[in-house]
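Where a number appears in this text, it was derived from the coordinates with a stated rule and is not lab data. Because the structure is predicted, anything quoted here is derived from the model rather than measured. Positions of Cβ are generated from backbone atoms using ideal geometry, with glycine treated the same way; all protein chains shown enter the neighbour counts.
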Amino acid sequence: MNWGSPAEFFAMGGYGLYVWGSFGVCAVLMIVEPILASRRRSDILRSLRRESLADKLDSQ
Amino acid sequence: MNAVTAIIHRDLLLAMRRKSEVLTALFFFIIVVSLFPLGIGPETALLRTIAPGILWVAALLATMLGLARLFAPDHADGTLEQMVLAPAPLGLLVTGKIIAHWITTGLPLVLLAPVLGIQFDLDSGALGILVVALLLGTPLLSLIGAIGAALTLGVRGGGVLLSVLVLPLYVPALIFGAGAVEAHISGLGAGGHLSLLAALLALAVFFAPWATTAALRIALE
Amino acid sequence: MSNNKIIHWFKFASPQSFYPLAGKMIPWFWGLTAVFLIPGLWISFFVAPTDFQQGEGYRIIFIHVPAAWMSMFIYLVMATWAGLGLALNTRLSGMMAQALAPTGAIMAFLSLWTGALWGKPMWGAWWVWDARLTSALILFFLYIGFIALQAAIDDARRADKAGAILALVGVVNVPIIYFSVKWWNTLHQGASVSLTKAPTMATTMLWGMLLMALAFWMYSIAVALTRVRAIILEREAHTEWVKELDEVKA
């Protein structure tokens, strides 16, 4: 174990800005990217569902 | 081979009828190069060191100007489709068009570059290397650029897109081309750079018309 | 009946059967991401010792190197899919290439971003014109070009093929660019900063990097599969099988 306290952990021996700047941006992108990708799918699904509903109403 | 010379002849004839396009690219080159000392300052020593880079970057941009019109007019009037159907292989015809593009945009740059080099106080040896490097490098730019021109044919926002696609691929030409002159100025000798540039040119002569042809066929599907 | 075997062979190359298959695989790849990421992060922060030269700042390596590896690897995979699409004329290949490109671009961006944040405390500069940094930047440009070209072409089939040619031209060029930038760099920088001579790496550091790289790999597959499912639906919107999907009928 390298760290005596949480404060020491977040300070990263004075490199906190750089280390957390890297890991933070990485984490943000890796959370946002899957959300955008699955939203792209739910968007197209929504419009497909609307179309199929319209078709159903037409045929009735 | 007759088909190639016929294509070159035709494209040169067309270029002669629309002189303004060729001249615009040439003046663009001159103006861009002349703007740099105004932005940087007139110190001769500094200008001498940055001259090769500036001349080369300006040459890259100037060749980009003509690229968008490499295939577009032929595409618009249906000539390109005739070429695909012609008995001569499309690859040869494409090579002819690339050679014509080089003669109208690359060659004038090569001839003009030493004059601009004098503005930057390059000595005669460096000017000679600059001409040789451009002579090897500008055909390379036309060859690589033709791939981009074929890919963006008839695509919306084609002109800007073309530069985004092609400029990163120009990096090796820029490095070896400008590097040759710099190496000569710093007394290292330009031989290595020039032979690598020639090797790249050989590679591009082999592959680029082929890739351009494939891209054209896709665009015309 | 003899036709069935051939159809079976191409089965997973068709968007119709790949769509549900990808749906089943995605949770597994997310699971694998977690399996590698958790011990990877644990080693990165708690097991790997403080570097005697770089202090704690070196811990950026645990995301920087995997991101750089993935940015190159994804480009190769993307070009392979694109080439397969050109050669075999399968629809799925182009969709896979298209799905991979944004992830690859993000990885290239991350490798540049973390590289800058690592460089600032270590060499005192956010950016040095080092061969690797410069070629990573150009790789990022190549991704942007690929994405821009595909976005500009409306016809999906043409976009796939044009993108494929660009990706293949890029693959030929990446080593040439890397070599030329390296040559250029040695000529200009001399022996100021050498990135290649990293201090000998402790085994724990290597393990941490390996686990993080695997986590990034699995993540990339999971995201690309999610995205390819969206692309399949977009492109096949008017086919019968999409209309028959449970999630569409519901």
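Taking θ = phi - 60°, what integer Hz values does the Karplus form 6.51 cos²θ - 1.76 cosθ + 1.60 yield along region B:67-73, in sequence order, with x for Gly and Pro?
4, 4, 9, 5, 10, 4, x
Over all directions, the average projected area of the alpha-carbon convex hull for region B:80-202 comes to how many nm²? Before the final figure, lay out the partial values.
Details: hull surface 34.5 nm².
With the hull built on Cα positions only, its mean projection is 8.6 nm².
Of the listed peptides C:142-152, B:76-86, what is their order by residue-averaged count of other C-beta atoms within 10 Å, with the highest listed first? Each step should come with its number before you reach the end.
Numbers: C:142-152: 21.5, B:76-86: 12.9.
Sorting C:142-152, B:76-86 by mean packing, highest first, produces C:142-152, B:76-86.
What order do you get for B:150-156, B:137-143, A:6-12 when each peptide is scored by the mean count of other beta carbon atoms within 10 Å, highest first?
Details: B:150-156: 22.0, B:137-143: 26.9, A:6-12: 13.1.
Order by mean packing, descending: B:137-143, B:150-156, A:6-12.
Could you identify which residue out of C:ALA125, C:ALA162, C:ALA22 has the top mean-square fluctuation in a GNM of chain C using Cα springs shorter than 10 Å?
C:ALA125
Note down the nm distance, to one decimal, between modelled labels 7 Å out along Cα→Cβ at B:GLU221 and at B:ALA45.
The modelled label-to-label distance comes out at 5.9 nm.
Using a 10 Å cut-off on Cβ to Cβ distances, tally the other chain neighbours for every residue of C:53-65 and report the average as a whole number. Mind dumping the intermediate values first?
Working: counts 0, 2, 5, 12, 9, 2, 8, 9, 1, 4, 7, 2, 0.
Average neighbour count from other chains, rounded to a whole number: 5.
May I have the convex hull volume per residue, in Å³, for the Cα set of the protein assembly as shown? Don't skip to the answer; put the middle values down first.
Values: hull volume 109.8 nm³, N = 531.
Dividing the Cα hull volume of the protein assembly as shown by its residue count gives 207 Å³.
Going by average Cβ neighbours within 10 Å, how do the peptides B:189-198, C:212-221 rank, with the highest at the top? Working shown, then result.
Numbers: B:189-198: 18.6, C:212-221: 22.5.
Packing order, densest peptide first, comes out as C:212-221, B:189-198.
Could you work out how far helix C:203-235 tilts from the main Cα principal axis of chain C, as a 0 to 90 degree angle to the nearest 10?
30
Treat each spin label as a single point 7 Å out from the Cα along the C-beta direction, and report the C:TRP42 to B:ALA88 distance in nm.
The answer from the label model is 7.0 nm.
Work out the mean other chain Cβ neighbour count within 10 Å for the residues of A:30-37 and drop it here as an integer.
If you average over the peptide's residues, the count of other-chain Cβ atoms is 6.
Using only atoms on other chains, find how many Cβ atoms lie within 10 Å of each Cβ of peptide C:159-165 and report the average. Could you put the intermediate results ahead of the total?
On the way: counts 2, 1, 7, 10, 2, 3, 8.
Averaged over the peptide's residues, the number is 5.
Roughly how big is chain B's charge dipole about its Cα centre, with Cβ charges of +1 (Lys, Arg) and -1 (Asp, Glu), in debye to the nearest 20? Mind showing how you got there, number by number?
Numbers: 9 positive and 10 negative charges, 70 e Å.
Magnitude of the dipole: close to 340 debye.
Net charge within 15 Å of C:ALA67 by Cβ-Cβ distance, Lys/Arg positive one each and Asp/Glu negative one each, not counting C:ALA67 itself?
It works out to a net charge of +1.
How would you classify region B:2-220 from its alpha-carbon gyration tensor, with a ≥ b ≥ c the square roots of the eigenvalues: rounded for a/c under 1.5, else prolate if a/b is greater than b/c, otherwise oblate? It would help to have the intermediate numbers written out before the result.
Values: a/c = 2.16, a/b = 1.81, b/c = 1.19.
Taking the square roots of the gyration eigenvalues as a ≥ b ≥ c, region B:2-220 is prolate.
Kindly write out, for region A:54-60 in residue order, the coupling ³J(HN,Hα) from the Karplus curve 6.51 cos²θ - 1.76 cosθ + 1.60 (θ = phi - 60°), rounded to whole Hz, with x marking Gly and Pro.
Values, residue by residue: 4, 4, 4, 5, 4, 6, 6 Hz.
I'd like the Karplus ³J(HN,Hα) series for region B:206-214: coefficients 6.51, -1.76, 1.60, θ = phi - 60°, whole numbers in Hz, and an x wherever there's a Gly or Pro.
Result, rounded to whole Hz: 6, 9, 4, x, 5, 5, 4, 4, 4.
Which of C:GLY115, C:GLY23, C:GLY85 ends up with the largest GNM mean-square fluctuation for chain C, with Cα atoms connected below 10 Å?
Fluctuation is largest for C:GLY23.
Below 17 Å, Cα to Cα, which aspartates and glutamates can C:LYS161 reach? Residues fewer than 8 away in the same chain don't count.
B:GLU221
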